[in-house]
Amino acid sequence: MVENQTKDSLILGQKYAFATAALILGICSFVNLLGLEKPILAIIFGWLALRTKPAPQLTEHRVWAKTGVVLGTIVLIAVPVLIILNYNELREFIQILSKLNGGR
């Protein structure tokens with residue numbers, strides 16, 4: 001009985017950590033817009049926190065995990081769409097930067 005409670009506490013602690021990591025990475029995703037590793041990790045950690053197995057299911061901080069998944073998904077979708085929509089402007093910007101750098 002004590003062993004099961006210890007195991008459940010350990011699993012629940014891991015899920016709380018995953019939920020917290022998902023929220024923090026989801027928020028940090030907006031700091032460096034081209035770094036898509038953070039939103040991917042936010043989605044993964046949020047999913048790990050929201051899984052029902054192994055038991056017990058996360059009850060507290062569930063919103064944190066969901067928020068991390070949503071923020072990560074927004075960034076993961078928005079950045080490629082913005083790059084595609086502004087491709088010509090980005091190309092011109094890169095050419096201007098190349099000229100400023102001595103033409104390399």
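Brief remarks follow.
- For region 2-76, a simple Cβ point-charge model (Lys and Arg +1, Asp and Glu -1, everything else neutral) yields a dipole of about 140 debye relative to the Cα centre.
- Among Tyr16, Phe30, Gln5 the positive-end extreme of the charge dipole of the chain (Cβ point charges): Phe30
- Applying a DSSP loop filter and a limit of 16 other Cβ atoms within 10 Å to the GluC sites (Glu not before Pro) in region 37-104 leaves Glu60.
- Summed over qualifying helices (DSSP H, 4 residues or more, each -39500 (n - 2.57)) and divided by its residue number, the chain shows a 222 nm mean residue ellipticity of -26000 deg cm²/dmol.
- Length available on full extension from Arg51 to Thr20: 0.36 nm per residue minus the Cα-Cα distance, which gives 9.7 nm.
- For the chain, a Gaussian network of Cα nodes joined below 10 Å ranks Ile11, Ile24, Ile84 by mean-square fluctuation, and the top entry is Ile84.
- Spatially close Lys pairs in the chain, defined by Cα atoms under 16 Å apart and a spacing of eight or more places or different chains, total 5.
- Cβ-based exposure ranking for Leu71, Leu100, in which fewest neighbours within 10 Å come first: Leu100, Leu71
- Among Ile44, Gln95, Leu76 the positive-end extreme of the charge dipole of the chain (Cβ point charges): Gln95
- Label assignment, volume of the Cα convex hull per residue in Å³ derived from the structure, set [x] 104; [y] 143; [z] 84: [x]
- Cβ-defined net charge surrounding Phe45, 14 Å radius [Lys, Arg +1; Asp, Glu -1]: +4
Read-outs throughout are calculated quantities, based only on the coordinates presented, and are distinct from any laboratory measurement. Just so you know, these numbers come straight off a predicted model, no measurement behind them. Note: ideal-geometry Cβ built from the backbone for every residue, glycine included; neighbour counts use all protein chains shown.
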